[in-house]
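Working notes for the structure below.
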Amino acid sequence: MSVKILAIESSCDDTGASVLVDGKILSNCIANQTVHEQYGGVVPELASRAHQENIVPVVDQALKIAGVSKDELSAIAFTQAPGLMGSLLVGSSFAKSLAMALNIPLIAVHHMQAHVLANFIAESHPSFPFLCLTVSGGHTQIVRCDSPLQMKVIGETLDDAAGEAFDKSAKLLGLPYPGGPLIDKYAAQGDPKRFKFPEPQIQGLNFSFSGLKTSILYFIQEHQQKDPQFIQDNLADICASIQQRIISILMNKLVKASQETGIKEIGIAGGVSANSGLRKALEQQGAKYGWHTYIPRFEYCTDNAAMIAITAWYKYQAGDFVGLDVIPGARAAF
Ligand code: KG4
Ligand code: ZN
């Protein structure tokens, strides 16, 4: 009998539902929340209210597209952690109720593990051991994977995440939230060598982005004082230079991680892996160092339920289920 899993993702500001049948993603639906734009960041209480409105229609749509009815489901999966507590509560309560009503197993998924496993949705996926640079709005990690469910963080940010570095830089430039995709867009027309921003000297495989943010702040203040039109007139070059520096910080550590571990199966994941400059840089470094490189499709980079579903597929096969008393947000490690 085939295994049919419904997965729900509600860690931050997007409500996602996906249906997987025997390891294949048949649907991946998402309701994006636009309510936060006017506030320049995600407002947790508004996010959980929007999840409550969106979750039933998004789940219905995912089941419909997949051609699967609720009664056929083998298990329900949900994002347990990390994330905004109110948002996680909506997804986990919904998943628990459905699992109880249908009397089927419940699978708790770690959001960061799921980002890594987004690389395993495609037919041609990494073999093990595998290194993944996971770059999102809240995390920046280099993860060593020895099997789908055996992962270890070997490097991470000491302060801001790469996504935050993009978003905070964009905010300093007067761009709306989330600014990462906009920096990407403007950078495409700019000269990345025009302005130089410092590279932090951090030991080992860890990252730091807070110094970059400060240097961008001083850079903007200094130039704006002399010329109030400075940002408008040089936006593309500024964006390209900032993006170039964030990418070089990330890639230098990834090269170091590959050299230290001897692993040449290398991928990226998380919202920032949608960045066109980072995707190109991975291919270039891959060609230089003889890596096999992996990049999830765009819709599997930013938050989505398909990555929760693929993780749940591995957990289902391992018999890794949880009880209805599982608490959302209560798990820090994979
Ligand atoms: O993984 P994700 O969707 O949500 C979290 O789990 O945090 O990542 C969101 C982050 C935001 O900081 C957003 O600005 C960034 O990913 N992002 C990008 C791009 N697309 C999304 N950053 C740079 N370039 C992009 N194209
Ligand atoms: Zn995420």
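The values are calculated or read from the model by the stated rules, or taken from the named source; none is laboratory data. Model, not experiment: these values are computed from the prediction. Note that we place each Cβ from the backbone using ideal geometry, even for glycine, and neighbour counts take in every protein chain shown.
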Failed criterion for Ser97 (all others in (1) without any contact (Cβ under 8 Å) to a residue 24 or more places away in the chain; (2) of a type in the set (Ser, Thr, Tyr); (3) more than 21 Å from Gln52 (Cα to Cα) hold): (3)
Set Ala101, Ala114, Ala170: member being part of a helix (DSSP H, G or I), away from ligand 2 (no atom under 16 Å from the Cβ) and in contact with a helix residue (DSSP H, G or I) (Cβ under 6 Å, 6 or more places away or on another chain): Ala170
Residue that is of a type in the set (A, V, I, L, M) and assigned to a loop (DSSP other than H, G, I, E, B), where the choices are Leu175, Leu133: Leu175
Matching residues, segment 195-214, being surrounded by 16 or more Cβ atoms within 10 Å (Cβ to Cβ) and polar (S, T, N, Q): Asn206, Ser208
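Within segment 259-268, is even one residue within 16 Å of ligand 2 (Cβ to nearest atom) and either more than 21 Å from Phe207 (Cα to Cα) or of a type outside the set (Gly, Ala, Ser) (or both)?
Step one: filter segment 259-268 for residues within 16 Å of ligand 2 (Cβ to nearest atom), giving 267-268.
Among the residues that remain, those that are also either more than 21 Å from Phe207 (Cα to Cα) or of a type outside the set (Gly, Ala, Ser) (or both) are: 268.
The answer is yes; a qualifying residue exists.
Scan segment 146-171 residue by residue and report those that are among the aliphatic types (A, V, I, L, M) and within 14 Å of ligand 1 (Cβ to nearest atom).
Taking segment 146-171 first, the residues among the aliphatic types (A, V, I, L, M) are 149, 151, 153-154, 158, 161-162, 165, 170.
Residues satisfying the conditions are Ala161, Ala162, Ala165, Ala170.
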Test result for Ser276, touching an Asp or Glu at 6+ places or on another chain (Cβ under 9 Å) and modelled with pLDDT of 95 or more: yes
Single match in Gly41, Gly23 (criterion: among the small types (Gly, Ala, Ser) and within 15 Å of ligand 1 (Cβ to nearest atom)): Gly41
